[in-house]
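Okay, so here's the structure we're looking at.
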Amino acid sequence: PDDDPKNEGGVVAIVAIADVAAYVKPGSPMDREARKRGNSTYFPDRVVPMLPERISNDLCSLVEGEDRACFAVRIVFDRNGNKRSHEFIRGLMRSAASLSYRQVQEAIDGRPDDAAGPLLEPVLKPLWHAYKVIMKAREVRAPLDLDLPEHKIDIGEDGRIAGVRIGDKFESMKLIEEFMIQANVCAAETAEAQRRSVIYRIHDAPSREKLVALAEFLATLDLNFTKGENIRPANFNRILKQVDGTEHDRMVSDVVLRSQAQAVYSPDNIGHFGLNLRRYAHFTSPIRRYADLTVHRALIAGLKLGKDGQTDDELAELTEIAEHISMTERRSMLAERDSKDRFIAAFLEARIGAEFTGRVSGVTRFGLFVKLDDTGADGFVPISTLGGDFFHHDEIIHALVGQRTRIAYRLGDAVRVRLEEAVPVTGGLRFELLEGGSEAPKGAGRRTRSPAGRGGAKRGKYGKSPRKAPRGRR
């Protein structure tokens, strides 16, 4: 709690981040290699780190009871969670305990273990109170509120998949995320105040074309979407709230996600649409993202906190660096996704012929993508296996519609499928649809340039169908 009588009910938080700039000097061999990699890449069974293990797992990694160099920001919030002031500091920090998200959550929920118990009253409860305070301002800001499930692959000691599960979600994760967002905002604001050029994390508003397509799709569900000039994340949140808990919630979430632009790095700030922030720069993960390291250096130079700050050479190359690390991020995301697909295909290879429940996750002129409920695996249902009808691809409602039967297979529909083929080398899965589909809305299937194809025809050679790259991370 802030002891300033002029800030009654306010809180003070210090967000401390590993001081990677103290070890990785501009232009050094280690710096050149980190820039080349752009970021760390996370596969189910291993990590390809941006920095050597001596840095990432030791000198710049918290160890309980050990001093570590840090670059921190002290932030003062008022009782409504609005930031009043902030100050950057370089120094040392000592971790009192290395706690997992689960340990913290269980302690807050009244079930502390031996490690978290002694810290519950002096540390964890005040931290939780500060989190609740800053969440008040977040609710007013109303960033895009998409909550999509993430599947985790558990690897056994033999290197094979032991299982696939939906990743844990604790409010303690949101606590860390929100304080990191606040630190990132402070970094961007300070860089601008010091007139230091910096690489921002930018996220443009959706294009007019995507907004029109989204509005047309939502209209088929009797949902009204305002696509005016002053579009805000709150416009999307209103729609997501309307469908929450209904049969359309997953489908609408997917379509809203696909309507968004991709977040990238750039020295030209246009703000971050999804977070509804005017200034935002990555500061909190310099071990695994080169963008954050450049921001640290800019702040060190601007605030005169050392001689290891931004150099003239790095300053002159910010545009080139931003374009390069935007590319390496997309490359890593594709590699991570392909790796997961191959592991899961290997895991399911022994279950060919088994039946699964899932949802339609993509609709194309050639068939349906289906995501399984239990593993999150993505597979393909060729249009030739859908039955003896001629199907039209209706892009507005994201569906394949039978010309004679008027049956529609729509994005987000619950389905039951049988696994027909698994190809671990490509990560490809082929399903046969057993149950699913519903009567097409009036007029559906007659709003596309050309028909998709005929079901029941001879199957073509199966291969993993191309899909668009995933949206950028925050």
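The values are calculated or read from the model by the stated rules, or taken from the named source; none is laboratory data. For clarity, every value in this text was computed on a predicted model and none was experimentally measured. Using ideal geometry, Cβ is built from the backbone for each residue, glycine included, and neighbour counts are taken over all protein chains shown.
For this structure, a couple of remarks:
- Verdict on Lys174 being modelled with pLDDT of 95 or more, among the basic types (Lys, Arg) and surrounded by fewer than 17 Cβ atoms within 10 Å (Cβ to Cβ): yes
- Test: residue in the stretch 400-415 that is modelled with pLDDT of 80 or more, of a type in the set (Asp, Glu), closer than 30 Å to Asp145 by Cα and not in a strand (DSSP E or B): yes
- Residue count for the stretch 51-70 under the criterion of being exposed (fewer than 13 other Cβ atoms within 10 Å of the Cβ), over 27 Å from the mean Cα position of the chain (by Cα) and either on the phi < 0 side of the Ramachandran plot or of a type in the set (S, T, N, Q) (or both): the result is 4.
- Any hit, the stretch 353-364, residues being modelled with pLDDT of 95 or more, closer than 30 Å to Ala162 by Cβ, aromatic (Phe, Trp, Tyr) and more than 22 Å from the chain's Cα centre (by Cα): yes
- Residue check, Asp158 over 25 Å from Asn230 (Cβ atoms), free of Cβ contacts under 8 Å to residues at least 12 places away in the same chain and either within 22 Å of the chain's Cα centre (by Cα) or buried (at least 16 other Cβ atoms within 10 Å of the Cβ) (or both): no
- Filter result (within 28 Å of Glu8 (Cα to Cα) and touching a residue at least 60 places away in the same chain (Cβ under 8 Å)) within the stretch 94-126: Val104, Gln105, Ile108, Pro126
- If you go through the stretch 73-106 and keep only what is among the β-branched types (Val, Ile, Thr), under 14 Å from Ile17 (Cβ atoms) and more than 26 Å from the chain's Cα centre (by Cα), you end up with just Ile89.
So that you can scan it fast, the table gives a plain yes or no per residue for (1) buried (at least 21 other Cβ atoms within 10 Å of the Cβ); (2) out of contact with any Asp or Glu (no Cβ under 7 Å at 6 or more places or on another chain); (3) closer than 30 Å to Asp58 by Cα:
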residue: Ala188; (1), (2), (3): yes, yes, yes
residue: Ser207; (1), (2), (3): no, yes, no
residue: Lys210; (1), (2), (3): no, yes, no
residue: Val264; (1), (2), (3): no, yes, yes
residue: Pro286; (1), (2), (3): yes, no, yes
residue: Arg289; (1), (2), (3): yes, yes, yes
residue: Asp292; (1), (2), (3): yes, yes, yes
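- If the condition is being part of a strand (DSSP E or B), without any contact (Cβ under 8 Å) to a residue 40 or more places away in the chain and not polar (S, T, N, Q), then the stretch 424-443 contributes Glu435, Glu439.
- In the stretch 245-257, the residues that are under 18 Å from Arg208 (Cα atoms) and in contact with a Lys or Arg (Cβ under 8 Å, 6 or more places away or on another chain): Leu257
- Residue count, the stretch 153-212 (criterion: out of contact with any Phe, Trp or Tyr (no Cβ under 8 Å at 6 or more places or on another chain), part of a strand (DSSP E or B) and under 26 Å from Ser259 (Cβ atoms)): 1
- Matching residues in the stretch 299-309 - criterion: being surrounded by fewer than 24 Cβ atoms within 10 Å (Cβ to Cβ) and either part of a helix (DSSP H, G or I) or in contact with a Lys or Arg (Cβ under 7 Å, 6 or more places away or on another chain) (or both): Ile300, Ala301, Gly302, Leu303, Leu305, Gly306, Asp308, Gly309
- Residue within the stretch 131-152 that is without any contact (Cβ under 8 Å) to a residue 40 or more places away in the chain, within 27 Å of the chain's Cα centre (by Cα) and assigned to a strand (DSSP E or B) present: yes
- Qualifying residue in the stretch 337-355 (condition: under 26 Å from His248 (Cβ atoms), out of contact with any Pro (no Cβ under 8 Å at 6 or more places or on another chain) and buried (at least 16 other Cβ atoms within 10 Å of the Cβ)): no
- His324, sole failed condition from (1) assigned by TED's automatic domain parsing to the domain that holds Gly38; (2) over 16 Å from the mean Cα position of the chain (by Cα): (1)
- The set of residues in the stretch 140-155 that are surrounded by 12 or more Cβ atoms within 10 Å (Cβ to Cβ) and over 30 Å from Asp45 (Cβ atoms) comprises Arg141, Ala142, Pro143, Leu144, Asp145.
- Checklist (1) surrounded by 16 or more Cβ atoms within 10 Å (Cβ to Cβ); (2) polar (S, T, N, Q); (3) closer than 27 Å to Val264 by Cα; (4) out of contact with any helix residue (DSSP H, G or I) (no Cβ under 8 Å at 6 or more places or on another chain) applied to Thr220, failing item: (3)
- Close pairs (8 angstrom Cβ cut-off, 6 or more residues apart or separate chains): within 14 Å of Leu277 (Cα to Cα) in the stretch 175-195, among the basic types (Lys, Arg) and assigned to a helix (DSSP H, G or I) anywhere: Glu178/Arg138
- Residues in the stretch 1-40 that are more than 25 Å from the chain's Cα centre (by Cα), part of a loop (DSSP other than H, G, I, E, B) and not aromatic (Phe, Trp, Tyr): Pro1, Asp2, Asp3, Asp4, Glu8, Gly9, Gly10, Val24, Lys25, Pro26, Gly27, Ser28.
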